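Read-outs: derived from the displayed coordinates by stated rules, not from any lab. These numbers come from a predicted model, not from an experiment. Every residue, glycine among them, receives a Cβ derived from its backbone with ideal geometry; neighbour counts consider all protein chains shown.
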């Protein structure tokens, strides 16, 4: 039998894994036909948007002719089993769908992307959606990774009935239309053809900053995972901020992208240099968890005291709070696997250490994978926490025998970073406890990103571990304050005792009262001031309180805040310009415990309950009156 040699055509290596400056129609003409696996296109909508170099206000006929040219280019370079995803606005969605079908594409899905932060309209309903078409060249032969666990969703048998007959891999998504997903949390999820991802607004950490029309990474992640495989080629004719290339690189795909703007190409290329294969995608894979339900607005409003109490429950929750929503806890095979993996990898350390130490967590997850476990990392971490919570690990004689030691001086120095990162993530997920946040690996990555920005010289584990120590310290400080002040009200004011007529005492004056603010970039210290302790505030250019801090070494703390480029960028962005600082210097008393030493700072914080970066709810006493 004669052997047959099959030649596989590939784009030039000079094209692959690059963002090319130039027109996409000409650029695609240089790509051999039938060599691209997936195309995602988010073209200009022809609505007059101000791009860097492109004129987004063509006559309708001209826009449609131009669209036909580039869509024909997409059809030519796409493999026979490839996919073409097109994002477009209302104005030309129907026209481009019909046009694409005339060129030769078959439409598999018409997805509605619902987003928050839509642009407000005065004389029409506010736009909060875009259309995303899923086209294929051959409706009988195309790539769609239906078995990818990141695409499949839990079935009703799993989520509602906990039915053991349920397929452990979940099910494929439904076709469902929802008007307001925040009000229907049980009926709207990632399993539908109405997709809910927050638009990348200007204040989002995900925002690249130089391009006004940026797609969320998780949205691109869903598309790339579903319609391509490892090492395959993803093409984006309109690179913009470079999100398609960024997500493709993170997910182990190759990419080719084009953009007419030299500036966008330069900035997006710099963005890619800071990304590695395997990096997590930015944003929550289940974004609904990060938005509040509007149903609360239809009920009787809670009093401020009730709201504070509710918030305190979340902030102060201690221990890993498990619930029956974790469906795999009763599965004996998974339980045994997780116990064995923990036994083989924990090296005598606690569950908290394994979960928060990046290296130990990776070893634990890899051990589970080696044993054949198909559960995702979040499920494995929750299962381990659950086993500790219900006493299984104790019964297996797996109590910690090795202490986790982080120098007290290091924890004190970087405690501010743990607090700021925790507060930032807690604002995104207001109903989640600290343990919820730390168990979810994607949200933990968000925490790491913020913490590294405000403390770039500190290691990841110390910053994570600092949250647990911070929670313990807050409880000790509140107990000390109760002893010191007597019965404490909601705002931290000391109440009058019997024999004093039941009147409140005069509220204490701020230690920073009368102290002038100084620009952060003008702070200097004499040699004999290198170990001064004190209390300080960081304020915005309009006087808003950003952070109330304390330190045993203010010069070092100020350098930590304002010496590194990353931290300077954080505070400058938050302050709307050069941040302002007020400082009250103080002497330390070696005989005091840490919680006693922190009482003046604690009182100062309670006077600044609008602080943007402090965990005010963690430090606020609950009024039991």
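Observations
- Going by neighbour counts of Cβ atoms within 10 Å, the residues 143, 467, 424 line up, fewest first, as 143, 424, 467.
- Computed over region 530-616, the ratio Rg/Rh where both radii use C-alpha atoms and Rh is Kirkwood: 0.98
- Estimated FRET transfer efficiency (residue 26, residue 61; beta-carbon r; R0 22 Å; 0.05): 0.55
- Computed from label points 7 Å out along Cα-Cβ, the spacing between residue 270 and residue 569 is 0.8 nm.
- Chain lengthening between residue 401 and residue 526 when straightened (0.36 nm per residue, less Cα-Cα): 40.4 nm
- Neighbour-count order for 133, 142, fewest beta carbons within 10 angstrom listed first: 142, 133
- Residue 390 versus residue 343: modelled label distance in nm, points set 7 Å from Cα along the beta carbon direction: 1.8 nm
- Ranked by the mean number of other Cβ atoms within 10 Å of their residues, highest first, the peptides 435-442, 516-523 fall in the order 435-442, 516-523.
- Were the residues from residue 427 through residue 68 laid out at 0.36 nm apart, the gain over their Cα-Cα distance would be 124.8 nm.
- Computed over region 379-433, Kirkwood Rh from alpha-carbon pairs, angstrom: 14.3 Å
- Residues 526, 279 arranged by fewest to most Cβ contacts within 10 Å: 526, 279
- Relative packing of peptides 609-620, 90-101, 247-258 - highest average C-beta neighbours within 10 Å first: 247-258, 609-620, 90-101
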